[in-house]
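Have a look at the structure below before the remarks.
The values are calculated or read from the model by the stated rules, or taken from the named source; none is laboratory data. Here the structure is a predicted model, which is why all the values come from computation and not from measurement. With ideal geometry, Cβ positions are generated from the backbone for all residues, glycine too; neighbour counts draw on all protein chains shown.
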Amino acid sequence: MAKKRPKKKVQPKKKTRAKRESFVQRSRVGDYASDDDLKGRIPDDILSMYECRQWKHAGAILATDFPKELSDIVAVLREIKLKKSVIISGGGGKTEYAKSIDRAFKLLGWMPKRFDTAIVVDQTELASPTHEVDCVKGRIALELEWSNKDPFYDRDLNNFRLLFELRVISVGVIITKSDELAGLMSDLGVWRKYGTTTTWMSKLLPRIRGGGGGGCPLLVVGIRKSVYAEDG
C-alpha cells in the first residue's frame, strides 16, 4: 500500500500575502456610508467625505450641547487633505498628515492633555495618570490614529471610558483610516508600509461593539478616498 504523501505546509509568507490581498480586495467593495442617524447632526458633506459612526448618541450630544467643539471638528475635517506625498513617504514618527491635524486643532484652542487621576485604597492614594490625549477642548477628547499598531485603539477607548466615568469628558472622538484607503495604498505601491496590523476602522469597530469604550459616547471618523488629493 502506497504511503500517503504529507500535506504541504503553507508558508507564513504565503499566508501573509493572502491575508494582505484579501484585505485589499474587501476594501474595494465595502460599504463606507456614514450612519443614517447622524444626518441633521453632522453636515452632509462630512458624512459623504468620511465614514462616520456613532455610539451612545454622540452626534446629538455634540450638536446640542457642544456646537462650538463640533464646528471646530467639522472645520478641520474640511480643511486638511490627505496628500499623496504623505501616504508614500517613508520613515517613522508622526506623519505630516497627523501634524497638520494637530496644528489645525491647536489653532482652534484644542491642546494635548494628560489627566492626573488616582486610585484610593484604604486611605492610600495611588497615582494613576491617563495616557496623553491628542486634542482636548472643554469636555470633548479627540484622538487621531493614522499608522499606529491597532492595540492603540484599546488604550484610547480605555482612556475615554475612564474619563467619562470620572465625569471629565462627555464625548470621545477618534479619527482613523477607513478600510477604503487600503485599495488606494495598494494602487500607490505602499500597502506593505501600512499592512493589516495598523489602525483601520475594521479593527476599531469590533472593540467598540465589545464594550471597549464603556458608557462613553463615541464619534468615529474614517478617512476615505474622497479626502485624498494629489500634491501641487
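Return the pair list, or none, for Cβ contacts closer than 7 Å from residues in segment 26-37 that are in contact (Cβ under 8 Å) with a residue 60 or more places away in the chain and farther than 14 Å from Leu184 by Cα to residues that are assigned to a loop (DSSP other than H, G, I, E, B) and among the charged types (D, E, K, R), at least 6 apart or on different chains.
Taking only residues 6 or more apart or on different chains, the pairs are Tyr32/Glu180; Tyr32/Arg224.
Would a scan of segment 72-79 turn up a residue that is out of contact with any Gly (no Cβ under 7 Å at 6 or more places or on another chain), surrounded by 18 or more Cβ atoms within 10 Å (Cβ to Cβ), of a type in the set (Asp, Glu) and closer than 22 Å to Ala104 by Cβ?
Within segment 72-79, one or more residues are out of contact with any Gly (no Cβ under 7 Å at 6 or more places or on another chain), surrounded by 18 or more Cβ atoms within 10 Å (Cβ to Cβ), of a type in the set (Asp, Glu) and closer than 22 Å to Ala104 by Cβ.
Could you check Gly109 against (1) over 23 Å from Gln54 (Cα atoms); (2) out of contact with any Asp or Glu (no Cβ under 9 Å at 6 or more places or on another chain); (3) modelled with pLDDT of 90 or more and say which number it fails?
It fails just one condition, (2).
Please note which helices (runs of 4 or more DSSP H) are completely contained in segment 158-229 and include at least 2 residues that are crowded, with 18+ Cβ neighbours inside 10 Å, in contact with a helix residue (DSSP H, G or I) (Cβ under 7 Å, 6 or more places away or on another chain) and not hydroxyl-bearing (Ser, Thr, Tyr). Break it down stepwise before answering.
Working: elements: 181-187, 191-194, 201-209.
Because the criterion is at least 2 residues that are crowded, with 18+ Cβ neighbours inside 10 Å, in contact with a helix residue (DSSP H, G or I) (Cβ under 7 Å, 6 or more places away or on another chain) and not hydroxyl-bearing (Ser, Thr, Tyr), the helices (runs of 4 or more DSSP H) in segment 158-229 that meet it are 181-187, 201-209.
Does segment 59-71 hold any residues that are part of a helix (DSSP H, G or I) and either at pLDDT below 95 or out of contact with any helix residue (DSSP H, G or I) (no Cβ under 9 Å at 6 or more places or on another chain) (or both), and which are they?
Passing the criteria: Ile61, Thr64, Asp65, Pro67, Lys68, Ser71.
Please determine whether any residue of segment 15-34 is at pLDDT 95 or above, surrounded by 12 or more Cβ atoms within 10 Å (Cβ to Cβ), on the phi > 0 side of the Ramachandran plot and part of a loop (DSSP other than H, G, I, E, B).
no
Just checking, which of Arg192, Arg167, Arg161, Arg155 is among the charged types (D, E, K, R) and in contact with a His (Cβ under 8 Å, 6 or more places away or on another chain)?
Exactly one residue qualifies, and that residue is Arg155.
Within segment 162-182, can one find any residue that is in contact with a strand residue (DSSP E or B) (Cβ under 8 Å, 6 or more places away or on another chain), more than 23 Å from Ala33 (Cβ to Cβ) and of a type in the set (A, V, I, L, M)?
So the first thing to find is which residues in segment 162-182 are in contact with a strand residue (DSSP E or B) (Cβ under 8 Å, 6 or more places away or on another chain), and the list is 163-164, 169-182.
Going one step further and asking which of them are more than 23 Å from Ala33 (Cβ to Cβ), we end up with 163-164, 169-170.
Restricting the remaining residues to those that are of a type in the set (A, V, I, L, M) gives 163, 169.
Taking every residue of segment 162-182 in turn, at least one turns out to be in contact with a strand residue (DSSP E or B) (Cβ under 8 Å, 6 or more places away or on another chain), more than 23 Å from Ala33 (Cβ to Cβ) and of a type in the set (A, V, I, L, M).
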